[in-house]
Amino acid sequence: LALAAGTACVLLSGCEYFVGTEERIARAERALEAGDSGAAVVDLKNVLQKEPTNSQARLLLATAELARGDVAAAAADLEK
């Protein structure tokens, strides 16, 4: 019963639990290249929740925020 409940949770969550930092950063880079800065921001914020000192993710987040026109957020992330 516990195994079935665990499997159901993973399936319902879209398996995002198993996506690693490198994959999230790569996915964010692809999203930025495709012009989808919103998706990039989501992935990068998820990376930074687990790894607040990840400088690559922080720089990409600032880039994505600039692409969205959010200069204040980009400046704040560059300062961090």
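The values are calculated or read from the model by the stated rules, or taken from the named source; none is laboratory data. All figures in this text were calculated on a predicted structure; none of them were measured in a lab. So basically every Cβ, Gly included, is an ideal-geometry build from the backbone, and we count neighbours across all protein chains shown. These accessible areas exclude ligands, DNA and RNA; they are computed on the full protein's heavy atoms, side chains included. Shrake-Rupley method; radii C 1.70, N 1.55, O 1.52, S 1.80 Å.
General remarks:
- Within region 6-35, residues that are farther than 22 Å from R68 by Cβ reach partners that are modelled with pLDDT under 90 and surrounded by 10 or more Cβ atoms within 10 Å (Cβ to Cβ) with beta carbons closer than 7 Å, at six or more positions or on different chains, in the pairs Y17/V10.
- First in region 61-80 and farther than 17 Å from T21 by Cβ, second anywhere and open to solvent by 70 Å² or more (accessible area, probe 1.4 Å), Cβ under 6 Å, 6 or more apart: A62/L78; A74/L66
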